[in-house]
Amino acid sequence: MDLWLNDSWSLYFHDPFDDNWDHNGYIKLYNFSNIYEFWIMFDNIKDILHVGMFFVMRDHIFPKWNDNENKDGGFLSIKILKDKVKDFCKNVLINLVNETLLKKDNHEFSEVINGISISPKKHFCIVKIWLKNCEIQDGSLFNLKNEYYGDIIFKTNTCKM
């Protein structure tokens, strides 16, 4: 028996060395809408999260800041050391697809979360939580393991326009 998620999700990949940021610079790798499919997806990427740019987005949202669902929002940016990224992302992704990424008192805002991205840097990765609007800017409202390095920073997409 499949346990269905509240929404369908898509996994995208973008090569960090590719400077083509048009739609065709992204590769849609996988769609999933139940827990079984989620674990297939995670098991296939868990050991390579630190080497490529991965995006897990609600199925109808493309992972670009100027997508209609992203342009009025922003993101929370979190720095994760590479040796912690697999466990941190596992926790974030489970909470994302279960609509529990926000702490219990804020669950009504779960549909504000559009997805997450993981971007590799030299010694760490940047995990971003993509938001539909700017209603939630405080990282302490999220269910995040305390394994990040530095502060959780909110940035708006509208300043890029």
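Read the figures in this text as sums done on the coordinates, not as results from a lab. On a predicted model such as this, the values are computed, not experimentally measured, just so you know. So basically every Cβ, Gly included, is an ideal-geometry build from the backbone, and we count neighbours across all protein chains shown.
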Subset of region 69-78 that is within 13 Å of the chain's Cα centre (by Cα) and within 20 Å of ASP151 (Cβ to Cβ) - its residue that is surrounded by the fewest Cβ atoms within 10 Å (Cβ to Cβ): SER77
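Each row is one residue, and each column tells you yes or no for (1) hydroxyl-bearing (Ser, Thr, Tyr); (2) closer than 23 Å to THR158 by Cα; (3) surrounded by fewer than 17 Cβ atoms within 10 Å (Cβ to Cβ).
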| position | (1), (2), (3) |
| --- | --- |
| LEU11 | no, no, no |
| HIS14 | no, yes, no |
| TYR26 | yes, yes, no |
| TYR36 | yes, no, yes |
| ILE40 | no, no, yes |
| HIS50 | no, no, no |
| ILE61 | no, yes, no |
Complete set of residues in region 64-86 that are farther than 17 Å from ILE45 by Cα and either of a type in the set (Gly, Ala, Ser) or in a helix (DSSP H, G or I) (or both): GLY73, GLY74, SER77
Sole residue being touching a residue at least 12 places away in the same chain (Cβ under 8 Å) and not in a helix (DSSP H, G or I), chosen from ILE48, ILE136: ILE136
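Among the residues of region 1-37, write down those that are touching a helix residue (DSSP H, G or I) at 6+ places or on another chain (Cβ under 7 Å) and under 25 Å from LYS79 (Cβ atoms).
Taking region 1-37 first, the residues touching a helix residue (DSSP H, G or I) at 6+ places or on another chain (Cβ under 7 Å) are 2-3, 5, 9, 11, 14, 18, 30, 32.
Those that are touching a helix residue (DSSP H, G or I) at 6+ places or on another chain (Cβ under 7 Å) and under 25 Å from LYS79 (Cβ atoms): TRP9, LEU11, HIS14, ASP18.
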Where ASN20 falls short, out of the listed (1) without any contact (Cβ under 8 Å) to a residue 40 or more places away in the chain; (2) in a helix (DSSP H, G or I): (2)
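Here is a yes/no grid of residues against (1) acidic (Asp, Glu); (2) surrounded by fewer than 16 Cβ atoms within 10 Å (Cβ to Cβ); (3) without any contact (Cβ under 8 Å) to a residue 24 or more places away in the chain; (4) in a strand (DSSP E or B):
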{"position": "PHE88", "(1), (2), (3), (4)": "no, no, no, no"}
{"position": "LEU93", "(1), (2), (3), (4)": "no, no, no, no"}
{"position": "GLU99", "(1), (2), (3), (4)": "yes, yes, no, no"}
{"position": "ASN106", "(1), (2), (3), (4)": "no, no, no, no"}
{"position": "PHE109", "(1), (2), (3), (4)": "no, no, no, no"}
{"position": "GLY115", "(1), (2), (3), (4)": "no, no, no, yes"}
{"position": "ASN146", "(1), (2), (3), (4)": "no, yes, yes, no"}
{"position": "PHE154", "(1), (2), (3), (4)": "no, no, no, yes"}
Members of region 119-132 that are buried (at least 17 other Cβ atoms within 10 Å of the Cβ) and outside any strand (DSSP E or B): LYS132
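Given the structure, is ASN66 in contact (Cβ under 8 Å) with a residue 60 or more places away in the chain, surrounded by fewer than 19 Cβ atoms within 10 Å (Cβ to Cβ), on the phi < 0 side of the Ramachandran plot and among the polar types (S, T, N, Q)?
In short, yes.
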